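Just so you know, all these numbers are worked out from the coordinates, no wet-lab data involved. This structure is a prediction, so every number in the text was calculated from the model and none was measured. No Cβ is skipped: glycine too gets one built from the backbone with ideal geometry, and neighbour counts run over all protein chains shown.
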Amino acid sequence: MKLVTYLYEGREAAGVLSPDGTEIYPAKALGFACENMNGWIDVLAGEGLSALKRAVGRGCEEAVALDQVTLLAPIPEPKQDMICLGINYMAHAEESARYAEESFGGERPYAVYFSKRVGEAVRPEGEIDGHFDMVERLDYEVELAVVIGKDAKGVPKEKAADYILGYTIINDVSARVIQSRHKQWYFGKSLDGFTPMGPWIVTADEFSFPPRLAIQSKVNGELRQDSNTELLIFGVDHVIEELSKGMTLKAGTVIATGTPAGAGMGFEPPQFLKTGDTVECIIEGIGTLKNTVK
Ligand code: MG
């Protein structure tokens with residue numbers, strides 16, 4: 001199932017795509033009491049995906065045609081900062097070290113975690129604000145994002161899948177100069193408009209676990225990143241076990257699992273983004289998230 005947030009007649013709402021993909025069944029019309037995706041995730045944490053599946057199976061008289069709405073980011077305003085993994089594909093670890101002119105020994109004993117402020121996630125087809133008055137070296141990073149479906153605390157690897165609502169795509173847009181200059185990556189990755197997300201959350205039941213999905217990005221149609229999520233150094237199960245051992249991952253938490261090689265900084269010379277560029281982030285089984293730099 002594909003969970004969406006959309007704008008219809010000036011109002012934001014959460015819903016699910018119909019089985020044929022042409023309509024949206026509003027969550028409220030299916031009997032879920034919620035005002036938005038954050039509220040819906042809380043409701044689903046209690047009722048579970050099977051309740052949603054049954055509701056979708058019954059159909060919906062208040063369905064809205066998909067071509068009548070504007071899709072927003074599935075979680076336009078995450079309740080907490082997004083949790084991100086840094087350099088979580090070996091080939092990207094190598095290109096990052098090369099860019100920073102550091103040596104890389106090929107070992108990564110511990111995961112790198114950081115966070116990213118998402119004031120408002122950018123919608124599919126929306127604009128990435130390049131902030132070119134303060135940003136040089138604007139870069140893209142396609143990433144598989146995990147959406148936690150119910151509060152997770154002390155979850156062992158074997159149970160990690162039970163806590164995942166689904167998966168979406170994010171572009172971890174990064175201002176490389178700011179990112180390096182301030183030592184911590186937070187500021188350079190948290191500017192307004194730096195988190196395109198979408199086009200929807202695909203529920204976890206549609207994937208095997210751990211998900212092994214082709215992941216790509218294109219800039220102006222040219223293939224830049226091309227990998228598979230099976231190459232994550234620290235997998236989704238490891239991350240949920242490790243983090244939840246010491247911190248509660250609340251329902252609605254978004255975890256971005258890191259980007260593969262082929263970010264703009266990995267090219268010689270580097271290929272950073274400029275005004276008018278289109279970036280497509282593509283993940284098998286989820287879809288394409290396309291945005292334009294303004
Ligand atoms: Mg990233």
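Can you tell me how region 1-90 classifies by the Cα gyration tensor, rounded, prolate or oblate, using a/c under 1.5 as the rounded cut? Don't jump to the answer; show the numbers that get you there.
Details: a/c = 1.75, a/b = 1.50, b/c = 1.16.
Prolate.
A Cα-only calculation for region 25-174 places Rg and Dmax at 19.2, 60 Å.
Pairs LYS116/LYS274; LYS79/LYS290; LYS116/LYS250: which exceed 20 Å Cα-Cα? Could you put the intermediate results ahead of the total?
On the way: LYS116/LYS274 22 Å; LYS79/LYS290 24 Å; LYS116/LYS250 16 Å.
Those over the limit are LYS116/LYS274; LYS79/LYS290.
For the residues VAL147, VAL118, VAL43, a GNM of the chain with alpha-carbon springs under 10 Å puts the largest fluctuation on VAL43. Magnitude of the charge dipole for the chain, about its Cα centre and with charges confined to Cβ atoms of Lys, Arg (+1) and Asp, Glu (-1), is about 560 debye.
Would you work out the relative contact order for the chain, in percent, from Cα pairs under 8 angstrom that are 6 or more residues apart? Mind showing how you got there, number by number?
Working: 718 pairs, mean separation 69.8, N = 294.
Relative contact order, the chain: 24 percent.
The residues neighbouring ARG212, those whose beta-carbon lies less than 14 Å from its own, together hold a net charge of -4 under the Lys/Arg +1, Asp/Glu -1 convention.
Between the listed residues VAL173, GLY258, TRP200, the Cα displaced farthest toward the positive end of the dipole of region 158-294, a dipole computed from Cβ unit charges relative to the Cα centre, is found at VAL173. Between GLU242 and ALA63, what is the spin-label point distance in nm, taking each point 7 Å from the Cα along the Cα→C-beta axis? Roughly 4.3 nm, to one decimal. Size check on the chain: the Cα extents along the three principal axes, sorted descending, read 58, 43, 29 Å.
Of the residues MET82, VAL118, CYS34, the one whose Cα sits farthest towards the positive end of the charge dipole of region 1-155 is CYS34 (charges of +1 on Lys and Arg Cβ, -1 on Asp and Glu Cβ, taken about the Cα centre). Which pairs in the list LYS2/LYS218; LYS218/LYS245; LYS150/LYS294 are over 32 Å apart, alpha-carbon to alpha-carbon? As for pairs spanning more than 32 Å Cα to Cα, those are LYS218/LYS245; LYS150/LYS294.
If you bin all the Cα-Cα distances of region 102-149 at 10 Å, starting from zero, the percentages per bin are 14, 38, 31, 17.
Helix-only estimate, please: 222 nm mean residue ellipticity of the chain, summing -39500 (n - 2.57) across DSSP H runs of length 4 or more and dividing by its residues, to the nearest 500.
Values: 6 runs with 51 residues, N = 294.
Result for the chain, helices only: -5000 deg cm²/dmol.
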